[in-house]
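Single-structure report; data block below.
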Amino acid sequence: SQQGEEDPQALSIQEGENATMNCSYKTSINNLQWYRQNSGRGLVHLILIRSNEREKHSGRLRVTLDTSKKSSSLLITASRAADTASYFCATFGVNGNKLVFGAGTILRVKS
Amino acid sequence: GAGVSQSPSNKVTEKGKDVELRCDPISGHTALYWYRQSLGQGLEFLIYFQGNSAPDKSGLPSDRFSAERTGGSVSTLTIQRTQQEDSAVYLCASSLYGGGNTGELFFGEGSRLTVL
């Protein structure tokens, strides 16, 4: 079963706008990760945030984590057409040994 | 190799046939994972290897599915007597460490299986 649930399922924005995707999960985690997937093939790791961290930045990406609400958000600033992809959050549970993925958010950036 | 390599990239088979999917992880990565992704869906966990052993095979859908890893490196996922519902992209990933130290996963490009 999937641990995380992304919201929204799909997002369409204009180039230059910011995109925000949310992820909720159910059990206590060790870390939470965000991945990007183009064209239904391999996933690429974007960022990892540990349970004792609240915010992390990487280039145009900003991730927040609220363990009390069991939620995370991914913000992509100044989006580009090349950011068009599916974005997945994945959680590594405290007592787990695998990453559990959500259903993903499909982002479309229009030029 | 530089990344995770999977073969074949595409496989079309007839219902009832057996298929083997291969994954060659990044050299030195101790953990290896198999996931399945159906069209437009998220990733479904299948099995996790730490070295050659599989501490977690809870995601294998039925006894038609099996996997092995030899030499702490290459892994093979075997699906016997394929069914149409087995059609999906099978993704392999590896990471430097597994278990409680799991960090970033590196994914291959996947093997797209179509069962007619």
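A few remarks follow.
- Pairwise Cα distances in region B:1-40 exceed 13 Å for 66 percent of all pairs.
- Spin-label model distance (nm) - A:R108 vs B:T76, 7 Å beyond Cα toward Cβ: 4.3
- When Rg and Dmax are taken over the Cα atoms of the protein assembly as shown, they come to 17.4, 50 Å.
- Region A:5-110, Cα convex hull volume normalised per residue, Å³: 88
- Across region B:5-108, Cα-Cα pairs more than 18 Å apart make up 44 percent of the total.
- Neighbourhood net charge (14 Å Cβ-Cβ; Lys/Arg +1, Asp/Glu -1) for A:Q33: +1
- Subtracting the Cα-Cα distance of A:K69 and A:E15 from 0.36 nm times their residue separation leaves 16.4 nm of extension gain.
- For region B:102-116, residues shielded by at least 10 square angstrom of accessible area compared with the chain on its own, probe 1.4 Å: B:T102, B:G103, B:E104, B:L105, B:F107, B:E109, B:R112
- Modelled this way, with points 7 Å down the Cα-to-C-beta line, the labels at A:N95 and A:S58 are 2.9 nm from one another.
- Cα-centre dipole for region B:1-96 with unit charges at Cβ (Lys and Arg positive, Asp and Glu negative), debye to 20: 80
- Rg/Rg_globular for region A:1-66, with Rg_globular taken as 2.2 N^0.38 Å and Rg from C-alpha atoms: 1.19
- Cut-off 12 Å between beta-carbons: net charge of the residues surrounding A:L48, Lys and Arg +1, Asp and Glu -1: 0
- Spatially proximal aspartates and glutamates relative to A:K70 (Cα-Cα < 20 Å; intrachain offsets below 8 disregarded): A:E5, A:E6, A:D7, A:E53, A:E55
- Peptide A:86-98 - average C-beta neighbours from other chains (10 Å radius): 4
- Under Karplus coefficients 6.51, -1.76 and 1.60, residue-wise ³J(HN,Hα) of region B:24-34 in Hz, glycine/proline x: 10, x, 5, 4, x, 6, 8, 9, 9, 10, 10
- Solvent-accessible area, 1.4 Å probe, carbon plus sulfur percent, for region A:5-110: 46
- Under the Debye formula (equal points on every Cα, no solvent term), log10 I(q)/I(0) of region B:53-116 at q = 0.12, 0.14, 0.22 Å⁻¹: -0.37, -0.50, -1.14
- Estimated buried accessible area (total), pair B and A, 1.4 Å, Å² to nearest 100: 1700
- Residue-wise HN-Hα coupling along region B:54-61, computed from phi with Karplus coefficients 6.51, -1.76, 1.60 (Hz; x: Gly, Pro): 10, x, 9, 10, 5, x, 5, x
- Dipole size of the protein assembly as shown about its Cα centre, with +1 on Lys/Arg Cβ and -1 on Asp/Glu Cβ: approximately 140 debye, rounded to the nearest 20.
The values are calculated or read from the model by the stated rules, or taken from the named source; none is laboratory data. Remember, predicted model here, so these are calculated numbers, not experimental data. Backbone-built Cβ (ideal geometry, glycine too); neighbour counts: all protein chains shown. Heavy atoms of the whole protein, side chains included, go into the accessibility calculation; ligands, DNA and RNA do not. Shrake-Rupley method; radii C 1.70, N 1.55, O 1.52, S 1.80 Å.
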